[in-house]
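The values are calculated or read from the model by the stated rules, or taken from the named source; none is laboratory data. Small disclaimer: the values here were computed from a predicted structure and weren't measured. Every residue, glycine among them, receives a Cβ derived from its backbone with ideal geometry; neighbour counts consider all protein chains shown.
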């Protein structure tokens, strides 16, 4: 593995970058149906205000196994320096 040269095939898709493609090609929805889902807030092509972000996640359930990491992760998610 140390001799392997990693190759980046492509960048990660943007937020919602494949949503229309998946809904139309895999699920068979037409443009009107997809537009309706976006209008109703079911899907989005960009993050919307008020949605939960990774920084708002409750760390209690995530850190049941490794409680020693909690201060470091809380500091990282809050933008502060770890104590």
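Points to keep in mind about this one:
- Qualifying residues in the range 42-82 (those that are at pLDDT 65 or above and under 22 Å from residue 13 (Cβ atoms)) - the one surrounded by the fewest Cβ atoms within 10 Å (Cβ to Cβ): 49
- Evaluation of residue 16 against (1) at pLDDT 75 or above; (2) surrounded by 10 or more Cβ atoms within 10 Å (Cβ to Cβ); (3) not in a loop (DSSP other than H, G, I, E, B) (one fails), failing number: (3)
- Meets criteria (over 22 Å from the mean Cα position of the chain (by Cα), part of a loop (DSSP other than H, G, I, E, B) and modelled with pLDDT of 70 or more) for residue 4: yes
- Test: residue in the range 23-41 that is surrounded by 10 or more Cβ atoms within 10 Å (Cβ to Cβ), at pLDDT below 75 and under 21 Å from the mean Cα position of the chain (by Cα): no
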